[in-house]
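Below is one structure; the comments refer to it alone.
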Amino acid sequence: MSMKHGSKLLGIATALALSGAISPALALNPGDTVDNFRLLDHTGASRQLYYLSDMKAVVLMAQGNGCEVVRKSLPEMQALRDKYRAQGVELLMINSNLADTRDAIAKEAKAQGIDLPILLDETQIIGESLGLKRNGELLVINTKGWKVAYRGPVSAGGTPYAANALDAVINAKAVTTAQVDASNGKGCDLKFPEADRKQAHAKISYEKTIAPMLIDNCVTCHRTGGIGPWQMSSYDMIKGFSPMIREVVRTERMPPWHADPHYNVFSNDRSLNKDEIKNLVHWIEAGSPRGSGSDPLAELKKQWPEWALGEPDLVVEIPAFEVPATGVIPYQMPMVDNPLDHDVWVRAVDFQPGDRTVLHHIIATMGTNAESVRDGGSLGGYVPGAGPMMLPKETGVLIKKDAKFFFQMHYTVSGKPARDVSRMGLYFRKDAPEYQMRSAVLLNPRLKIPANTKEHTESASKTFDHDVIVYNLLPHSHFRGKASDFIATYPDGRTEVLLSVPNYDFNWQTTYELKTPKLLPAGTKVTHHTTWDNSVQNKANPDPNRVVPWGQQTWDEMLYGVVRYRYVNESDAPTAPPAKVSQTASE
């Protein structure tokens, strides 16, 4: 089983309370509940419906490129936004057209002067569940209970139906006209091919489609001894948890992958593809039918080794830590001396967590001094579901005999005392590599995040003086982290997004491995931006009323980005690595 898929759907057992089978209506009518969802918009921002709970109403219009009904409705929509935003109303659009690409939608928005977010429903599962029929149709959603208050056009026959509905919702009154036919305009009908295949969805095979998907993508973690909080051991387990699986897939909490797919391809991508998402959600909405055949989950006999790459050449034991049952635990920063009496080159690093119930993450570095830690001192780390850090075959990380190992240990309480003794496994090269892998740390310790602010962005940058090849990128912030990116500005002035993480989640300290390493010519500046949400809407926020400074602990914040790279010509390195080292390695 591929390790890159090891943590898909991890943690779904704690996401929601169990509920019955899901059977969405063909169309949501006034009074029906709108389920939560999260989508990217045409600018790359991540937007979740229920995040808008501080609003009184949400207006959501179906948008399609070239639809004259939508284009003619824009002045009215923008007027609604201008009039009602201060009264607690958010206006959004959603594009569920399979033919409209993100670039095409952005082009349409620019050409038509659309300054409202257009949500990208690329799988159509959200538009299907809303029962959208045609572009130009809109829903007014009352955030008190997330009920549909009005469905129809923004106006018709001179009557401002949407505005009337908003006035009623804002003033806690009944909507006089809650539904109006929106079937006007040519070429604006929405096509949902899967919406007419309900009987086919009921025939999606658990044995041949669903169970193999879960085995390939989930069971590495959801097994006995795995980091998942429950085990995918049978159909009955999947059936019981299926409503919650649907919810976390719709809200993109699971799979735990947060990179915007519009920018670059990553070899450790843990996301489900569009077909997998549609099959899984449609199967659940059909009632999670068992069907005929065997139960591959119940019959699975796979064994997982203690170390994914075999026994390491060196195991470094991290000092034990006694985790209390309750309370807030400051970061632990243990240091371990290098037990070796000679330099070694490392080709891979893996971690064995001591107690998975309390260990949130490990970040490992090494070096003889602070400067060496910043330049080439990264040894990766542990986060739930991550596999070993394997370096490209032409590279390696040099560990000098007088180096020390530094660990950042983040623990969470579990309600009972625990003892954690985690270990780091190092795998050596037999000889010196052609290139030394290095790390550039981009940080901004002067950050100051205002209180009660939904979005605050700061940055840090580094200019590379020589040609380099970038292999991976790691953004790091704490509970208030909302989004991050790395942007390259080339010597000729061009810019390129290397990585965008529009929905940053502190629970997943992911290193994003570029499938194709990126060449950055000398003079390229890489800027790392982080956006924080220091508002009450951020449910993980320790204190929205506090002005937040830089700090190691999670109640403070960080702007900390790591770029792992090598020089194109090793001779450009400030200090050339030794030609050879004496070591024993298992390759």
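The values are calculated or read from the model by the stated rules, or taken from the named source; none is laboratory data. Please read all numbers here as calculations on a predicted model, not as lab measurements. Heads up, the Cβs are rebuilt from the backbone with ideal geometry, glycines too, and the neighbour counts pull from every protein chain shown.
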(message) So residue 65 passes all but one of these: (1) touching a helix residue (DSSP H, G or I) at 6+ places or on another chain (Cβ under 7 Å); (2) in contact (Cβ under 8 Å) with a residue 60 or more places away in the chain. Which condition number does it fail?
(response) (2)
(message) Show the residue pairs meeting these rules: Cβ distance below 9 Å; 6+ apart or different chains; first residue within region 492-512 and under 27 Å from residue 364 (Cβ atoms) and acidic (Asp, Glu); second residue buried (at least 20 other Cβ atoms within 10 Å of the Cβ) and at pLDDT 95 or above.
(response) 505/258; 505/481
(message) Quick check on my filter: what residues within region 215-234 are within 18 Å of residue 290 (Cβ to Cβ) and either at pLDDT below 80 or surrounded by fewer than 21 Cβ atoms within 10 Å (Cβ to Cβ) (or both)?
(response) 215, 233, 234
(request) Those residues that are in contact with a Leu (Cβ under 8 Å, 6 or more places away or on another chain), under 15 Å from residue 424 (Cα atoms) and aliphatic (A, V, I, L, M), I need them from region 339-369; list them, please. (result) 340, 346, 348, 349, 364, 366
(message) I want to confirm something. Restricting to region 60-75 and keeping residues that are of a type in the set (A, V, I, L, M) and farther than 29 Å from residue 263 by Cα, which single residue is modelled with the highest pLDDT?
(response) 74
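Condition check ((1) closer than 29 Å to residue 521 by Cβ; (2) part of a loop (DSSP other than H, G, I, E, B); (3) of a type in the set (Lys, Arg); (4) in contact with a Lys or Arg (Cβ under 9 Å, 6 or more places away or on another chain)) across all residues:
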{"position": "442", "(1), (2), (3), (4)": "yes, no, no, yes"}
{"position": "446", "(1), (2), (3), (4)": "no, yes, yes, no"}
{"position": "451", "(1), (2), (3), (4)": "no, yes, no, yes"}
{"position": "454", "(1), (2), (3), (4)": "no, no, yes, yes"}
{"position": "460", "(1), (2), (3), (4)": "yes, no, no, no"}
{"position": "470", "(1), (2), (3), (4)": "yes, no, no, yes"}
{"position": "473", "(1), (2), (3), (4)": "yes, no, no, yes"}
{"position": "478", "(1), (2), (3), (4)": "no, yes, no, no"}
{"position": "484", "(1), (2), (3), (4)": "yes, no, no, no"}
(request) Could you check residue 171 against (1) surrounded by fewer than 23 Cβ atoms within 10 Å (Cβ to Cβ); (2) within 25 Å of the chain's Cα centre (by Cα); (3) polar (S, T, N, Q) and say which number it fails? (result) (2)
(message) Among the listed residues 430, 518, identify the single one that is touching a residue at least 40 places away in the same chain (Cβ under 8 Å), assigned to a loop (DSSP other than H, G, I, E, B), within 30 Å of residue 571 (Cβ to Cβ) and not aliphatic (A, V, I, L, M).
(response) 430
(request) Could you check, for region 20-29, whether at least one of its residues is part of a loop (DSSP other than H, G, I, E, B), modelled with pLDDT under 95 and crowded, with 20+ Cβ neighbours inside 10 Å? (result) yes
(request) Output the strands (runs of 3 or more DSSP E) that fall wholly within region 296-353 and possess 2 or more residues being surrounded by 14 or more Cβ atoms within 10 Å (Cβ to Cβ) and not β-branched (Val, Ile, Thr), or say none. (result) 344-352
(request) Could you tell me whether residue 419 is among the basic types (Lys, Arg), surrounded by fewer than 17 Cβ atoms within 10 Å (Cβ to Cβ) and outside any loop (DSSP other than H, G, I, E, B)? (result) yes
